[in-house]
């Protein structure tokens, strides 16, 4: 599947619509989880926007099918956030293309390391990230819904 990635925003347009779907799916998967609740890691426009972050929306045949963001953690490290692929585009290589686009974006922003997390009800995500070279690390972001944290050099 061909995917064209464009800069987007988490608070408007296709990015906002995709993130609403993501939030609904995470809420259903994790018994009403609110991604914006106190204590959850932030991923708003200031986090996933310039100068230290970015947000991408992926399109296939003009339709938005995926999204994800890069959040600054420090001078050397970024976190990949809100990776989402619409159900109709899953199992077609879109997540891998999205991950690689986010990693390239992190590199272009000057980060040497990418980090991420996932929860206990997403073992497929953990297996995917490990297959893509992410090594398990300690809890770097205090996400109470996560059970696995990973890191990968971007060099």
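Taken together, the values in this text are just the output of simple stated rules run on the coordinates, not laboratory data. Computed from a predicted model, the values in this text were never measured in an experiment. Counting neighbours? That spans all protein chains shown, and the Cβs are built from the backbone with ideal geometry, glycine included.
Observations
- Difference of contour (0.36 nm per residue) and Cα-Cα distance, residue 109 to residue 29: 25.6 nm
- Rounded to the nearest 5, the antiparallel percentage of DSSP beta bridges internal to the stretch 4-153 is 90%.
- Cα extents of the stretch 50-155 along the three principal axes, largest first (Å): 37, 32, 23
- Debye equation applied to the C-alpha atoms of the stretch 3-117, log10 I(q)/I(0) at 0.10, 0.11, 0.19 Å⁻¹: -0.27, -0.32, -0.99
- Gap separating the Cα centres of the stretch 84-155 and the stretch 15-32, nearest whole Å: 17
- Inter-label distance, nm, simple model (7 Å from Cα along the C-beta direction), residue 9/residue 121: 3.2
- Here the gap between residue 40 and residue 2, fully extended at 0.36 nm per residue and compared with their Cα-Cα distance, gives a gain of 10.3 nm.
- Take every pair of alpha-carbon atoms less than 8 Å apart whose residues are at least six positions apart; their mean separation over the length of the chain yields a relative contact order of 21 percent.
- Comparing 101, 37, 17 in a Gaussian network model of the chain, where Cα atoms under 10 Å apart are tied by springs, the biggest mean-square fluctuation is seen for 37.
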